[in-house]
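Where a number appears in this text, it was derived from the coordinates with a stated rule and is not lab data. Please read these numbers as outputs of a predicted model, since none were measured by experiment. Quick reminder, even Gly has a Cβ in these numbers, built from the backbone with ideal geometry, and neighbours come from all protein chains shown.
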Amino acid sequence: MTNNSDNVNTALLIVDLQNDFLHPDGAYGRAGQKSEAIAALPESVLPVANAMRQAGGWIVSTQFTLVPGKADVPFISPHLQKLRPFLTTGDFKPGAWGHGLVDSLQPADIMVEKVAYSAFYMTRMEWVLKKAGIENILVCGIVTNGGVASTVRDAHVRDFHITVLSDGCAAFSESAHQSSLADMSSIAKVCSCQDAVALLSS
């Protein structure tokens, strides 16, 4: 993963742990789209975030975004509209409460809006990571087989050193979570949040 001298070049990359996904009053909560594993993530990730801050590293948050168009109606990809027909005006809107990182993990040093699974697709992610001198990335968030996996693969081809936090990620099914972790292990290290805290604190 990293050693103590590398911590200033290390970031915790939090993928999409936003109110609209996790909070009962968010877009997914209102629609009854709930997952105990996903809801538990902020508590699991918080010790890593605190250790990263203490070690002098970075907290980077990605924010899934539905970009508003005319009359504030959001642009929603056809596949997403079919998958999540409940999404509507105001959901994942830039600057809105639902769009933000959950309170317990704030503040983030860097926030990057994204419109697709990967945090690198048509975003400034690579640019800001390079400007910050970040070389090592610990990845957590949702969902393991979606935004996390896509972001990890795009980070890999850009030569970042990646560690996936196995219990800092979740999916809507445990089988999808586990198979995705196994797939990512070929291009990234996989470790627990507890092990990550120990390494950052050493």
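Report every pair of residues separated by at least 6 positions or lying on different chains whose Cβ atoms are under 6 Å apart, first residue within the range 128-146 and farther than 19 Å from V48 by Cα and touching a residue at least 60 places away in the same chain (Cβ under 8 Å), second of a type in the set (A, V, I, L, M) and part of a helix (DSSP H, G or I).
From the range 128-146, no pairs qualify.
Consider only pairs whose beta carbons are under 8 Å apart and that are at least six residues apart or on different chains; among these, list those whose first residue lies in the range 14-39 and is free of Cβ contacts under 8 Å to residues at least 60 places away in the same chain and whose second residue is of a type in the set (F, W, Y) and part of a loop (DSSP other than H, G, I, E, B).
Within 8 Å, the pairs are R30/F86; A31/F86; Q33/F86.
So if I check each of I162, I187, I134, I142, which one is crowded, with 23+ Cβ neighbours inside 10 Å and in contact with a strand residue (DSSP E or B) (Cβ under 8 Å, 6 or more places away or on another chain)? Break it down stepwise before answering.
Details: I162 fails: crowded, with 23+ Cβ neighbours inside 10 Å; I187 fails: crowded, with 23+ Cβ neighbours inside 10 Å; I134 fails: crowded, with 23+ Cβ neighbours inside 10 Å.
Step by step, each of I162, I187, I134, I142 is checked, and only I142 is crowded, with 23+ Cβ neighbours inside 10 Å and in contact with a strand residue (DSSP E or B) (Cβ under 8 Å, 6 or more places away or on another chain).
Considering only residues that are within 11 Å of the chain's Cα centre (by Cα) and outside any helix (DSSP H, G or I), look in the range 137-163 and name the one that is farthest from A40 (Cα to Cα).
Looking at the filtered set, the residue picked out is L138.
What pairs can you find where one residue is in the range 99-118 and over 16 Å from A51 (Cβ atoms), the other is surrounded by 20 or more Cβ atoms within 10 Å (Cβ to Cβ) and of a type in the set (F, W, Y), and their Cβ atoms are less than 7 Å apart, with a gap of 6+ or different chains?
Short answer, once both residue conditions are applied: H99/F92; I110/W58; K114/F64.
Please go through (1) in a loop (DSSP other than H, G, I, E, B); (2) farther than 15 Å from D16 by Cβ for V128 and return the number of the only condition it doesn't satisfy.
Unmet condition: (1).
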